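See below for the structure under consideration.
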Amino acid sequence: DSGQIFLGGTGLGIASDAAWSTGTAPSNNDRVYFIDKSANWNNGSADFVYDYIFVDSNSTVTLKHANSVSVNDIDLDGTINIDKFSNNNTKENNITVNDNLNVEGTLNISPPSSLTVNGNFTNNGTFTLDSDSVEFSSIIVDGTPSGNITYNRWVNSVDNGNGSTGWD
């Protein structure tokens, strides 16, 4: 059977704003619940495999050096940020959801990271994909998608009257 790990409040496994690294992350096939937490996935050498992830509306989870995360189901009421692999320009953070992804909160994906949903994708919150001058983020949904996605496409030059460049 899978274990259940509740991360929230005080005195539970990792401290608020803690970083996970080798040996401190929940075990494979656990059910992980983020309750009132700000946590980082930081492990560039191993992949994470979970049965279920829940992020409550008071929590923010950031993937910085996770390599890949595979989970059966995600219920997202809070925020997940899939950031660029911060110390390596050739690596990316990837999440695979084997069944269903339900977004009621916020999901942000930075380049060159990706999200694959093998089941249904429901977005009733905010979902944003970003690109930069050389890379893009991506989503693949094999099941039924619903809801809107914002894609911030980088273009070489945009003049909005003040000489700045960036988003299209």
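Amide hydrogen proximity for Thr96: with H placed 1.01 Å from N in the peptide plane, the residues at 5 or more positions away or on another chain lying under 5 Å are Val69, Ser70, Val71, Thr116. For the pair Ser133 and Glu104 in one chain, pulling the backbone fully straight at 0.36 nm per residue adds 7.5 nm over the alpha carbon distance.
Suppose the chain between Asn148 and Ser38 were pulled fully straight at 0.36 nm per residue; how much longer would it get relative to their current alpha carbon spacing? Mind showing how you got there, number by number?
Numbers: separation 110, 0.36 × 110 = 39.60 nm, distance 2.57 nm.
Extra length available between Asn148 and Ser38 comes to 37.0 nm.
Note that segment 105-114 has calculated 3J(HN,Hα) couplings of x, 10, 10, 10, 10, 8, x, x, 6, 8 Hz, one per residue in order, obtained from phi through the Karplus relation 6.51 cos²θ - 1.76 cosθ + 1.60 (θ = phi - 60°); glycine and proline are x.
FYI, it's all coordinate maths here, none of it is from the lab. All of these numbers come straight from a predicted model, not from anything done at the bench.
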